[in-house]
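Structure record follows, encoded as structure tokens.
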């Protein structure tokens, strides 16, 4: 006998509602602890870009007479949105349970998380001038590294590396402040927008650029010095994953390359493992590197 539509729908809903079915895929909403919002996080990135690069992002009619007003409004909005999103990010931690174990009431625990979130947002706002200074060096690096670029404005408006690095440098600062989840969302937003995948845990120096950019991957424990240039398709990845006694990958250990100052890596090179590419070295395209490279060395397919 054929099942009716109502029976099929009912059976499907019952199966999808089974706890075994959604194990590890379900996030239970707690009152007062919503999930971070992708829409709001995009607003946060838009505000940061408008603050760092006034006139190029946000209000395009800004001038020297109004810049302080527009930046002031943007910073105030940024603080409000960021503090609320950081608070939402704590729904992915056990912090509220830890406060409960310490004899906090539920409301007191939420108040303490809110205080921590406001404190983190405040510290991040204080970092904005330094973020602008470092991103300005990235603009210079992109301009100097591309003879097709006509001016800095073209770099800021058009080049995917600047959009990506804005997200990454914001995410890295938030990660350093102990903010959960939000940093990874921000870098994955840039990944979707530009095709450049930089983990927020990577450490990247000044005057950094990626030409074209599509397909670049930079892992969590990478350390990149100053004045480093990558081309499209470069992977700075892990060679293998040490396992624990249960056969699961061990988290957090250094497993990605170190690139010292003035290194150039050409397109589609894969540099894997905790190795060091020495100062001023050049890595040619379409190469697989799993060993240290001395300073000043030039590695090509011929080698």
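Residues considered: 75, 48. Of these, the only one that is touching a residue at least 24 places away in the same chain (Cβ under 8 Å), surrounded by 14 or more Cβ atoms within 10 Å (Cβ to Cβ) and more than 18 Å from the chain's Cα centre (by Cα) is 75. Given the structure, is residue 294 without any contact (Cβ under 8 Å) to a residue 24 or more places away in the chain, within 25 Å of the chain's Cα centre (by Cα) and exposed (fewer than 14 other Cβ atoms within 10 Å of the Cβ)? The answer is no for residue 294. Only one entry of 97, 109, 121 meets the criterion of being on the phi < 0 side of the Ramachandran plot, in a helix (DSSP H, G or I) and at pLDDT 95 or above, and that entry is 121.
For (1) within 23 Å of residue 92 (Cβ to Cβ); (2) touching a helix residue (DSSP H, G or I) at 6+ places or on another chain (Cβ under 7 Å), each residue gets a yes or a no:
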| site | (1), (2) |
| --- | --- |
| 134 | no, yes |
| 139 | no, yes |
| 145 | no, no |
| 148 | no, no |
| 160 | no, yes |
| 164 | no, yes |
| 175 | yes, yes |
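Of the strands (runs of 3 or more DSSP E) contained entirely in the range 129-237, not one carries at least 2 residues that are at pLDDT below 95 and surrounded by 22 or more Cβ atoms within 10 Å (Cβ to Cβ). With respect to (1) in contact (Cβ under 8 Å) with a residue 60 or more places away in the chain; (2) on the phi < 0 side of the Ramachandran plot, the lone exception for residue 172 is condition (1).
Every residue, every condition in (1) more than 18 Å from residue 156 (Cα to Cα); (2) assigned to a strand (DSSP E or B); (3) touching a strand residue (DSSP E or B) at 6+ places or on another chain (Cβ under 7 Å); (4) modelled with pLDDT under 90, yes or no:
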residue	(1), (2), (3), (4)
20	yes, no, no, yes
27	yes, no, no, yes
35	yes, no, no, yes
40	yes, no, no, no
47	no, no, no, no
51	no, no, no, no
70	yes, no, yes, no
76	yes, no, no, no
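Among (1) under 16 Å from residue 142 (Cβ atoms); (2) part of a loop (DSSP other than H, G, I, E, B); (3) in contact with a strand residue (DSSP E or B) (Cβ under 7 Å, 6 or more places away or on another chain), where does residue 241 come up short? Of everything listed in (1) under 16 Å from residue 142 (Cβ atoms); (2) part of a loop (DSSP other than H, G, I, E, B); (3) in contact with a strand residue (DSSP E or B) (Cβ under 7 Å, 6 or more places away or on another chain), residue 241 misses just condition (1). Considering every residue within the range 138-145, establish whether at least one is in the same structural domain as residue 41 (by TED's automatic domain parsing) and closer than 19 Å to residue 43 by Cα. No - not one qualifying residue is present in the range 138-145.
Based on what the data block shows, is residue 205 out of contact with any helix residue (DSSP H, G or I) (no Cβ under 8 Å at 6 or more places or on another chain) and touching a residue at least 40 places away in the same chain (Cβ under 8 Å)? Considered against the rule, which asks whether it is out of contact with any helix residue (DSSP H, G or I) (no Cβ under 8 Å at 6 or more places or on another chain) and touching a residue at least 40 places away in the same chain (Cβ under 8 Å), residue 205 comes out as yes. Just one of the numbered conditions (1) surrounded by fewer than 19 Cβ atoms within 10 Å (Cβ to Cβ); (2) touching a residue at least 12 places away in the same chain (Cβ under 8 Å) is not true of residue 256: (1).
The values are calculated or read from the model by the stated rules, or taken from the named source; none is laboratory data. The structure presented is a predicted model; accordingly, all values stated were derived computationally and were not measured. Here Cβ is always computed from backbone atoms with ideal geometry, including for glycine, and neighbour counts include all displayed protein chains.
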